[in-house]
Amino acid sequence: MKSTHLAAHARSLVAAAALIAAPCAALAQGAPGAWQWEGSIYGWFPAIGGSTSFPATGTGPSIDVSAEDVIDALKFTFMGSLEVKNGQWGLWTDLVYADFGASKQGSRDFTVGHQPVAVDANLVLDIKSWIWTAAGTWNLSPAPEHTVDALFGFRYLDLAQTLSWSLSADIPQLPGRTGSGSADLTNWDAVIGIKGRALLGEERTWFVPYYLDIGTGQSKFTWQINAGVGYQFGWGAVIATWRYLDYEFKSDSVIQSANFNGPTIGVAFRW
């Protein structure tokens, strides 16, 4: 089952790469000019929220858990972005992999069949996510002190959640005191937005980077905002921001909502 999921995930990434390849080729053959590249590696340290209904072992209602009631640890993460520009046109992509996991003892922060129960539970929750955004960009402001780009593209989300529970007493709705469940979701959405950078002061070494997008598709609605402060060097920049990403899924999804909210810090290289 796991290998099937990984294979499907790999096929999704290959298909999306093909979507990027075509505009890349068109950009390469487009208007002449100097190519400008910027790549960044950064750390994002978000709190994760949202609610999920995990199918109970055997027959019976679901166990409903809100991620922020359990998760308090980021186990592993990789994040990076890449942008290329030629004239007013450009391409931008951002990739995030994050693995969250934690346990909570004696918790009552859960429901069974959407109803609260007077029973303590030991909960173990693990969440793995891939978030990939890619977009074409068009520069709206040529002024060097304040660049603004419109963007149109897509965001891919692969979210896998696993919950294990051990109850302190029997619950009539459940077949036993212990069990586990999983909830997986693969999501594609079209997104539109803006991104830019406002330089500060006479020397223009400090700047304010910002990013905003909204989208929909397989999810009901998704939006993201990222803004902060940076300092430029000849080779690139050091940047610190606050980033918030939110998903509201459709009513038939086992994962009702998800959000990632926290600071980022990273370095960007230009060539």
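Mind listing whichever residues of region 151-171 are surrounded by fewer than 16 Cβ atoms within 10 Å (Cβ to Cβ) and more than 28 Å from D69 (Cβ to Cβ)?
F152, the sole residue that qualifies.
Which condition number in (1) aliphatic (A, V, I, L, M); (2) surrounded by 15 or more Cβ atoms within 10 Å (Cβ to Cβ); (3) farther than 19 Å from P55 by Cβ is the one that L174 fails?
(3)
Can you tell me how many residues within region 177-196 are surrounded by fewer than 19 Cβ atoms within 10 Å (Cβ to Cβ), among the basic types (K, R) and modelled with pLDDT of 85 or more?
Residues in region 177-196 being surrounded by fewer than 19 Cβ atoms within 10 Å (Cβ to Cβ), among the basic types (K, R) and modelled with pLDDT of 85 or more: 0 in total.
Any chance region 244-257 includes a residue that's within 13 Å of the chain's Cα centre (by Cα), closer than 27 Å to F100 by Cα and at pLDDT below 95? Working first, answer last.
The first filter runs over region 244-257 and keeps only residues within 13 Å of the chain's Cα centre (by Cα), leaving 244-248, 257.
Now drop any that are not closer than 27 Å to F100 by Cα, which leaves 244-248, 257.
Remaining after also requiring at pLDDT below 95: 257.
Within region 244-257, one or more residues are within 13 Å of the chain's Cα centre (by Cα), closer than 27 Å to F100 by Cα and at pLDDT below 95.
Considering only residues that are farther than 18 Å from M79 by Cα and free of Cβ contacts under 8 Å to residues at least 60 places away in the same chain, which ones fall in region 231-262?
We begin by selecting, within region 231-262, every residue farther than 18 Å from M79 by Cα; these are 231-235, 247-258.
Y231, Q232, F233, G234, W235, E248, K250, S251, D252, listed by residue number.
So if I check each of G201, G234, G217, which one is of a type outside the set (F, W, Y), on the phi > 0 side of the Ramachandran plot and at pLDDT below 95?
One residue alone meets the criteria, G201.
If the requirement is being of a type in the set (D, E, K, R), out of contact with any Lys or Arg (no Cβ under 9 Å at 6 or more places or on another chain) and under 30 Å from L123 (Cα atoms), which of these qualifies: R177, R197?
Among R177, R197, only R177 is of a type in the set (D, E, K, R), out of contact with any Lys or Arg (no Cβ under 9 Å at 6 or more places or on another chain) and under 30 Å from L123 (Cα atoms).
Answer yes or no as to whether G230 is surrounded by 14 or more Cβ atoms within 10 Å (Cβ to Cβ), in contact with a Phe, Trp or Tyr (Cβ under 8 Å, 6 or more places away or on another chain) and farther than 30 Å from S62 by Cα. Please lay out each step first, then the result.
Working: surrounded by 14 or more Cβ atoms within 10 Å (Cβ to Cβ): yes; in contact with a Phe, Trp or Tyr (Cβ under 8 Å, 6 or more places away or on another chain): yes; farther than 30 Å from S62 by Cα: yes.
Against the criterion (surrounded by 14 or more Cβ atoms within 10 Å (Cβ to Cβ), in contact with a Phe, Trp or Tyr (Cβ under 8 Å, 6 or more places away or on another chain) and farther than 30 Å from S62 by Cα), G230 qualifies.
Of the residues S53, S62, S66, S81, only one is within 14 Å of the chain's Cα centre (by Cα) and buried (at least 16 other Cβ atoms within 10 Å of the Cβ); which?
Numbers: S53 fails: within 14 Å of the chain's Cα centre (by Cα); S62 fails: within 14 Å of the chain's Cα centre (by Cα); S66 fails: within 14 Å of the chain's Cα centre (by Cα).
The match here is S81.
From (1) surrounded by 15 or more Cβ atoms within 10 Å (Cβ to Cβ); (2) more than 25 Å from the chain's Cα centre (by Cα); (3) under 19 Å from P175 (Cα atoms), pick out the condition that doesn't hold for S107.
(3)
The values are calculated or read from the model by the stated rules, or taken from the named source; none is laboratory data. These figures come from a predicted structure and were not determined experimentally. Glycine gets a Cβ as well: all are built from the backbone with ideal geometry, and neighbour counts include every protein chain shown.
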